[in-house]
Structure formats: C-alpha cells, structure tokens
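> Dropping a structure here in structure tokens format, bear with me for questions.
The values are calculated or read from the model by the stated rules, or taken from the named source; none is laboratory data. Not measured: the values here are computed from a predicted model. Counting neighbours? That spans all protein chains shown, and the Cβs are built from the backbone with ideal geometry, glycine included.
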Amino acid sequence: MINVFENIGFEINGIKHISGNEAILCIKQGAIIIDIREFYDINYKVFDVENALNIPKTELEKNLNLVPDDKALIIADAFGINSKLIVMQLVNNGIKNVANLIGGILDWEKDGLPVKKDLKGELNGPCLCMLKTREKLANK
C-alpha cells in the first residue's frame with residue numbers, strides 16, 4: 001500500500017495531521033475520507049469528494065468492519081477535535097495508514113474545497129435558542 005501521507009502534514013504524538021489541500025492530494029491517490037459526524041450533523045453539508053464515507057463516531061466501534069484497512073484513511077469531523085481521538089482509536093485497533101483532517105469540514109469549506117449543501121436544511125436564526133432551518137424560515 002502506498003503511503004500517501006509521506007512528506008505531508010505534521011505529526012504530534014504519533015498522529016498524522018493534514019490540511020484540506022493535502023487531503024485532496026491524498027484522495028487523488030486513493031485515500032478515503034471517513035466523516036465521523038453524526039447523521040443529524042451531515043444532512044446540511046457533506047464533503048463533495050468521490051471517496052467519502054460517513055460512519056458516525058458513536059457507531060464506529062461496532063462498525064469497524066466498514067473501515068477499509070487496505071486504503072489510506074482521512075478522519076474528519078466538524079472542527080478536527082473528535083477526529084483526532086478517532087484516529088488514536090483506529091491506530092490502537094491496528095489501522096496504520098490514517099490521518100486527522102485539521103479543522104474538519106469547517107476549514108475544508110473555508111479553504112474553498114468541495115462541499116455539497118442542502119440549503120433547506122441549513123440552520124439560521126438570530127441566536128442559538130431560535131435556530132430554524134431556512135426551509136421553515138421561508139414558509140413563515
């Protein structure tokens with residue numbers, strides 16, 4: 001298996017961290033993004049790349065059989081915090097060719113990388129206590 005993470009990103013305590021732009025290069029070489037956000041977090045915005053899976057972090061342990069062990073894996077979440085913990089968990093379960101996506105989908109989108117959006121599901125409102133989907137706001 002090709003080590004697509006060689007000479008990119010940086011390593012802290014045995015965990016490889018890569019940027020969105022570096023992730024795109026890795027995906028072009030066959031790496032897969034595993035989005036660990038919960039299903040209710042992804043119905044508005046997802047990574048728009050061919051090689052992407054969604055396995056929520058709460059479901060990951062019982063679905064480790066879904067995690068390909070013959071591909072390089074890029075673990076992603078909303079901000080890059082929980083994904084780091086999942087990378088550690090995967091490494092502890094014997095998966096070696098794995099990296100954390102720095103900044104999650106938030107930085108990915110900010111860097112202009114491809115996302116698919118469902119604007120009907122996008123949240124909007126003046127404060128957190130009044131968040132509604134744009135669809136509900138349009139029907140008012």
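> Looking only at the range 1-50, which residues are in contact with a helix residue (DSSP H, G or I) (Cβ under 6 Å, 6 or more places away or on another chain) and over 19 Å from ASP107 (Cβ atoms)?
Passing the criteria: only VAL4.
> Taking the options GLY104, GLY20, GLY94, GLY112, name whichever one is of a type outside the set (Asp, Glu), modelled with pLDDT of 90 or more and over 14 Å from the mean Cα position of the chain (by Cα).
So the residue among GLY104, GLY20, GLY94, GLY112 that is of a type outside the set (Asp, Glu), modelled with pLDDT of 90 or more and over 14 Å from the mean Cα position of the chain (by Cα) is GLY112.
> Among the residues of the range 83-107, which ones are in a helix (DSSP H, G or I), within 20 Å of LYS28 (Cα to Cα) and of a type in the set (D, E, K, R)? Give the steps one after another, and end with the answer.
Initial filter on the range 83-107 (in a helix (DSSP H, G or I)): 83-92, 104-107.
Narrowing further to those that are within 20 Å of LYS28 (Cα to Cα): 104-105, 107.
Within the range 83-107, ASP107 is the sole residue that qualifies.
Here's the yes/no breakdown for (1) touching a strand residue (DSSP E or B) at 6+ places or on another chain (Cβ under 6 Å); (2) β-branched (Val, Ile, Thr); (3) closer than 15 Å to LYS16 by Cβ:
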{"site": "TYR44", "(1), (2), (3)": "no, no, no"}
{"site": "ASP48", "(1), (2), (3)": "yes, no, no"}
{"site": "ALA52", "(1), (2), (3)": "yes, no, no"}
{"site": "LYS57", "(1), (2), (3)": "no, no, no"}
{"site": "VAL98", "(1), (2), (3)": "yes, yes, yes"}
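> Can you tell me which residues in the range 1-14 are touching a Lys or Arg at 6+ places or on another chain (Cβ under 8 Å) and either buried (at least 18 other Cβ atoms within 10 Å of the Cβ) or more than 15 Å from LYS96 (Cβ to Cβ) (or both)?
PHE5, GLY9, PHE10
> Restricting to the range 1-55, name every residue that is of a type in the set (S, T, N, Q) and more than 17 Å from VAL87 (Cα to Cα).
ASN7, ASN21, GLN29, ASN43, ASN51
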